[in-house]
Amino acid sequence: MTLNKNMNTSIAKLVGFCAAVVMSVSTSAITYDTWPNSTAVVTADGTAVFGENMSGLFYQPAAGSQTAVLWAVQNSPSKLYNLVWNSSSNTFVKSTSNGWSNGKTLRYPNGSGAPDAEGVTKAELSATDIYIATERDGSGSNRFSVLRYDTAGTATTINATHEWNLTSDLPNVSSTNLGLEAIAWVPDSYLQANGFIDEHFAAAYNPANYPLHGTGLFFVGLENNGQIYAYALNSDSTFVRVATINSGHSKIMDLSFDWDSGALWAYCDNNCSNRSHLLGIDKTVGSATFGKFIVRKGYSRPSSMSNINNEGIAMAPAAECVSGAKSFFWVDDSETSDHAIRKGKIPCGPLF
């Protein structure tokens, strides 16, 4: 048994090494196209509304009587904002309903702490739950967690209903400011249709292997190494790592899944000149990366936007396309020139 265990460990290390070499080769040759739309980037919030430390975005399109919402998180103070578009001022403003007027303070499940909220996403859009990636707790200790919150109530302080503490499963970092930074949810339907490989089972991804995980996987990004990790987050607060993905960035600040084109956007801030990498599943039979997410395209930042500290991105759906373009949003941790949210455009449809 000891021999077999050692052999398995050695094989696993060899496979990991080979995969790293392959990914190194595939990402070292990334070229950066100009931003795919010439529309100027403009500010999309009022002057000095949020202060610094805004860090993550998610755009929820309008549905029925529900208006579109731009969800935003701030890591200090630990807050979640529900932002709606004001056509009179051409800005996003804080919703005034259901206790959202000044954002909602975030707590861990037991009501304690101040989670360092860095990324935000939703799964099923019709649900009231929202998921937030955090890198440390209020005491400053590493706590790489995904927290689930129910946004339906009116309370101005909300406790997480679930916590998936991934700290022990992720690499150690040298600073508490280099932890879990990004999060996106990718539906099972997309993963299966494109032949995604489950590295945990070393086989084609089968959602039935994770009966408590819901209808998709959560992809999180670690700032320290730029890596992306895909997880099945189970309703009993357990988790399984399904894949490890090279984003092509040395650091990563946000992830956003374009539900229409199937591109997983991996974004880096001013540390990488605000470059975007678009990842997709390799469907080339016989390829060394078959069934894995690989970098398919790189974009430089729009020429009308300086190299500011953007830590979050989001995009509108194809349903909101006008003249072949849809809105793209950035959030700036430093609130440069007294503005945290900016708005530009990207083309509708596939980008690779």
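The values are calculated or read from the model by the stated rules, or taken from the named source; none is laboratory data. Just so it is clear, the model here is predicted, and its values are computed rather than measured. Positions of Cβ are backbone-derived with ideal geometry, glycine not excepted, and every protein chain shown enters the neighbour counts. To get the accessible areas, we keep the full protein, side chains included, count just its heavy atoms, and leave off ligands, DNA and RNA. Shrake-Rupley method; radii C 1.70, N 1.55, O 1.52, S 1.80 Å.
Roughly how many Å is it from the Cα centre of region 223-285 to that of region 155-181, as a whole number?
17
Tell me the angle of helix 2-28 to the major Cα principal axis of the chain, expressed in degrees between 0 and 90 and rounded to the nearest ten.
Orientation of helix 2-28: about 50 degrees from the principal axis.
How do 167, 128 stack up against each other in accessible area, from largest to smallest, with a 1.4 angstrom probe?
The ordering from most to least exposed comes out as 128, 167.
Might you tell me the accessible area per residue for the chain, computed with a 1.4 Å probe and given in Å²?
That works out to 41 Å² per residue.
Per the 1.4 Å probe, what fraction of the accessible area of region 209-352, in percent, lies on carbon and sulfur atoms?
The nonpolar share, carbon plus sulfur, comes to 46 percent.
Output wanted: per-residue J couplings in Hz (rounded whole) for region 78-86, from phi through Karplus 6.51 cos²θ - 1.76 cosθ + 1.60, θ = phi - 60°, x for Gly and Pro.
6, 9, 10, 10, 10, 10, 10, 7, 10
I'd like the FRET efficiency for residue 235 and residue 38, computed as 1/(1 + (r/R0)^6) with the beta carbon distance as r and R0 of 35 Å, rounded to 0.05.
Plugging the Cβ-Cβ distance into 1/(1 + (r/R0)^6) gives 0.15.
Which Cα, out of 317, 184, 249, lies furthest along the positive dipole direction of the chain (beta carbon charges, K/R +1, D/E -1)?
Of the options given, the answer is 249.
Which ³J(HN,Hα) values, rounded to whole Hz and listed in residue order, are derived for region 30-41 from phi using the Karplus coefficients 6.51, -1.76 and 1.60 in 6.51 cos²θ - 1.76 cosθ + 1.60 with θ = phi - 60°, glycine and proline given as x?
With coefficients 6.51, -1.76 and 1.60, one gets 5, 10, 10, 7, 5, 3, x, 7, 8, 4, 5, 6 Hz.
Could you tell me which residue out of 86, 134, 112 lies farthest along the dipole of region 76-158 toward its positive end? Charges go on the beta carbon: Lys and Arg +1, Asp and Glu -1, centred on the Cα centre.
Value: 86.
Of the chymotrypsin sites (Phe, Trp or Tyr not before Pro) in region 188-255, which ones lie in a loop per DSSP and count no more than 13 other C-beta atoms within 10 Å? Let's see the in-between values first.
Numbers: sites: 190, 196, 201, 205, 218, 219, 229, 231, 239; in loops: 196, 201, 205.
Sites meeting the loop and neighbour criteria: 201.
Lysine pairs in the chain 8 or more apart or on different chains: how many have alpha carbons under 15 angstrom apart?
7
Tell me the mean residue ellipticity at 222 nm calculated for the chain from its helices only (DSSP H runs of n ≥ 4, each -39500 (n - 2.57), averaged over every residue, nearest 500).
On the way: 2 runs with 33 residues, N = 352.
Only helices count here, giving -3000 deg cm²/dmol.
By DSSP, what percent of the beta bridges with both residues in the chain are antiparallel, rounded to the nearest 5?
Antiparallel bridges: around 95 percent, rounded to the nearest 5.
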